Amino acid sequence: MLSAARAARCSVVYFRSISSSAMNKGYQQANVVVLPGHLADDFEDFCRSNPAPLPLLYRSQFGEISCPPLARSADIRTDISQYCVYEEGRLVKTVSSLQDYRSQPRAAPEQQAVHYDPCLNMVSFYLGCSFGFEGKLKKAGVPVRNVEQGKNVSMYRTGVSCIPAGIFSCPLVVTMRPVPVDMLDAATRVTHLNPLAHGAPIHIGDPALIGIEDLSRPDYGEQVDVQPGDVTVFWACGVTAIEAILSSKPSLAFSHSPGCMFLTDIPDSPSSSITPPSESMDPPCTKTNPELTPLCFQVSHKPLLYSVVSQAAVARVRKLETIIGEDPGQRGIKALFVQDELLRSCLALSHASSVAITTGFPTHYMHSPPDETDGPPGAIAMATMLLSLGKQVTMLTDRRALEMNQAIIDEAVRTGVLKSAIPLVTFEDSGPDSALHFLCHHGDSSKPRYDHLVAIERSGRAGDGNYYNMRGVNIKHLVDPIDNLFIAAKDIPGIMTTGIGDGGNELGMGKLKERVESLMPNGSLIACDVPADYAITAGVSNWGGYAVACGLYLLYTCPSHQRYLKKGLGPVRGTPQEQLQDWTANLPSVDKEETFLSTLVSFGIRSGKTGHLAMEVDGLTFHPTHSDIITRLLGETLGSTVQNA
């Protein structure tokens, strides 16, 4: 028999069967799935493989109708206001009690339905629910739009596939709550502290990026109106379990009706918590360690995309940015510095799948080859880390340098500087749609070949259409119009761009054109006119490439960011040791960078500032200047316990 307090709470939920969200009354809630006993182990494995949508609070014993860790005197047959009944993977009815459930014999539909208690032959699963954090959002000042509008939360079937286990496989289901843009950090921080109520968001931004085509047509729940200034924020949802039932087609199964939750006896307060049923599930830390607090950063506006990364990882990337901003050559580059350009570029690259990198600054127009030693080392450092992270990488060069750069790439692979061979391509402007056809399959802007373009120490087009070195000499005759690709990318949804430079005349530095014109030597003449989405400045451009490689490592060893990239799917564990070793091996190192610089010198490539055919870049010798920067970047990247960042 129910206790009086519990009966009162359950009657409240029954009264508001449309949605438990608005009537939580301060107690944590749970999604419920009841399955035949022979499927229980598979479903538990499915929950462990997909912890964000299916945070397992309790698995009952065979035939157990109570759940002692969650609620005293509970009876799963009656404690939910509305149940869904599934037969052979089809929703056949909804009922208000499982005690009164009647089953129609399959072989003889004309026979009278049989009354029996199915729960005595089944296993119940209690899963965390996002309604459990709505009170915390409100307390933090974050408006909960579905509650304000008196509606059940919107739930959508996505194009993201859960990790299968046994017979269970299905698409991820998410809830959507509009959040004011200036409250994104607060909403992410609050929900991050509740991993057993689905935790932090798994997507922030354009719903189409996760396969949701129409927000006005939720698959479950009700449409919630987005207010001006709101961003659509998506959390993993326990209704994923219903999709698993529909796809696996068990002979008989039950669930809560979406929005009609099981109410626990556990107060919805920061001091209370639910202990997972098995330590092997490795639940994420919920302690309020400020270093682990996730922060949101916008990485794209077309389509709109935010990313999530821990405060600790942000601090380390900012230290990398400080290191590369040193200016031993006294070029005045600090005047162009904009904080977090490195971080935002790395975040965008972490979401990318196919990256094109271009470099080449033929400043020594009197020599053959005319190229300098700044640029290619940073490009190769980024390429090998991106390859290690599973990205597709293409190198883009001038036609005049194609044969030489192919030989340099081959040598980099042979000496172990570059992880593996990568395609090397050129671009020729043969008409108004050349850039579009180069960037997109069949010239279709909805099918881009690349989702990120990176230029490092690449000659940038000035406002008069020419290309200038720092001395103001026009070198246009040595430069292919790769700038056109960056210009075209601005109008192609899904392609981001990064420029890395140390003087303001490099491709992508157009984002900082006004500063370059007013603060850099010859700025009014040499300033690049073509912007990139992100403009990373460094004392030497190569250092920017090294920092991108290190920044990507920090992001991929940040659990908050990894969880976001994986949409909360996959076991909650640290990075596998073998994978971590591979990423570490593909970071830039003093030995690798010295080897590669030696390769460039052997091809006749000279130092940018002095023209020396020597082991130097921009007039600075490799030892001690460049080797010291690399050592410090690695120290910041590897010197802390990045697994806990």
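Could you look through segment 381-408, keep only residues that are β-branched (V, I, T) and within 30 Å of the chain's Cα centre (by Cα), and pick out the one that is surrounded by the most Cβ atoms within 10 Å (Cβ to Cβ)?
The extreme case among them is T397.
When residues of segment 11-57 are filtered for being of a type in the set (F, W, Y) and modelled with pLDDT of 95 or more, how many remain?
Qualifying residue count for the region: 2.
With the condition being under 30 Å from N121 (Cα atoms) and open to solvent by less than 40 Å² (accessible area, probe 1.4 Å), I'd like the strands (runs of 3 or more DSSP E) fully within segment 159-252 carrying at least 2 qualifying residues.
171-180
Condition test on G378, is it crowded, with 23+ Cβ neighbours inside 10 Å, in contact (Cβ under 8 Å) with a residue 40 or more places away in the chain and closer than 30 Å to M520 by Cα?
yes
Of these, G523, G544, which one is open to solvent by less than 10 Å² (accessible area, probe 1.4 Å) and farther than 17 Å from I357 by Cβ?
G523
Exactly one of (1) in contact with a strand residue (DSSP E or B) (Cβ under 9 Å, 6 or more places away or on another chain); (2) open to solvent by 10 Å² or more (accessible area, probe 1.4 Å); (3) at pLDDT 95 or above is unmet by L485. Its number?
Looking at each condition in turn, L485 falls short on (2).
Would you mind finding the one in T288, T322, T264, T293 that is over 26 Å from G635 (Cα atoms), out of contact with any Asp or Glu (no Cβ under 8 Å at 6 or more places or on another chain), at pLDDT 65 or above and not basic (K, R)?
T264
Only one of (1) in a helix (DSSP H, G or I); (2) on the phi > 0 side of the Ramachandran plot is not met by M382, so which one is it?
It is condition (2) that M382 fails.
Test each condition in (1) open to solvent by less than 10 Å² (accessible area, probe 1.4 Å); (2) closer than 20 Å to E243 by Cα; (3) in a strand (DSSP E or B) for N152 and report the one that comes out false.
(3)
Listed here are the residues, each with its yes/no results for (1) under 22 Å from I495 (Cα atoms); (2) of a type in the set (D, E).
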site: G329; (1), (2): no, no
site: L342; (1), (2): yes, no
site: H364; (1), (2): no, no
site: E372; (1), (2): no, yes
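Output the residue which, of all residues in segment 554-579 that are open to solvent by 10 Å² or more (accessible area, probe 1.4 Å), part of a helix (DSSP H, G or I) and hydroxyl-bearing (S, T, Y), is nearest to V516 (Cα to Cα).
Y556
Any idea which of (1) out of contact with any strand residue (DSSP E or B) (no Cβ under 8 Å at 6 or more places or on another chain); (2) at pLDDT 95 or above is the one T158 doesn't satisfy?
Among (1) out of contact with any strand residue (DSSP E or B) (no Cβ under 8 Å at 6 or more places or on another chain); (2) at pLDDT 95 or above, T158 violates only (1).
Just wondering, is there one or more residues in segment 433-444 that are over 27 Å from the mean Cα position of the chain (by Cα) and touching a residue at least 24 places away in the same chain (Cβ under 8 Å)?
Within segment 433-444, one or more residues are over 27 Å from the mean Cα position of the chain (by Cα) and touching a residue at least 24 places away in the same chain (Cβ under 8 Å).
Go through (1) open to solvent by less than 40 Å² (accessible area, probe 1.4 Å); (2) within 22 Å of M382 (Cα to Cα) one by one and return the number of the condition G472 breaks.
Here G472 clears every test but (2).
Could you list, ordered by first residue, the pairs with Cβ atoms under 7 Å in which the first is in segment 301-321 and touching a residue at least 40 places away in the same chain (Cβ under 8 Å) and at positive phi and the second is in a strand (DSSP E or B) and open to solvent by 10 Å² or more (accessible area, probe 1.4 Å), at least 6 apart or interchain?
Final answer for the pair search is none.
Those residues that are surrounded by fewer than 21 Cβ atoms within 10 Å (Cβ to Cβ) and hydrophobic (A, V, I, L, M, F, W, C), I need them from segment 324-351; list them, please.
A335, F337, V338
Might you check whether a residue that is outside any loop (DSSP other than H, G, I, E, B), surrounded by 13 or more Cβ atoms within 10 Å (Cβ to Cβ) and of a type in the set (A, V, I, L, M) occurs anywhere in segment 438-445?
Yes, there is a match, as at least one residue in segment 438-445 is outside any loop (DSSP other than H, G, I, E, B), surrounded by 13 or more Cβ atoms within 10 Å (Cβ to Cβ) and of a type in the set (A, V, I, L, M).
The values are calculated or read from the model by the stated rules, or taken from the named source; none is laboratory data. Since we're looking at a predicted model, the values are computed, not measured. So basically every Cβ, Gly included, is an ideal-geometry build from the backbone, and we count neighbours across all protein chains shown. Heavy atoms of the whole protein, side chains included, go into the accessibility calculation; ligands, DNA and RNA do not. Shrake-Rupley method; radii C 1.70, N 1.55, O 1.52, S 1.80 Å.
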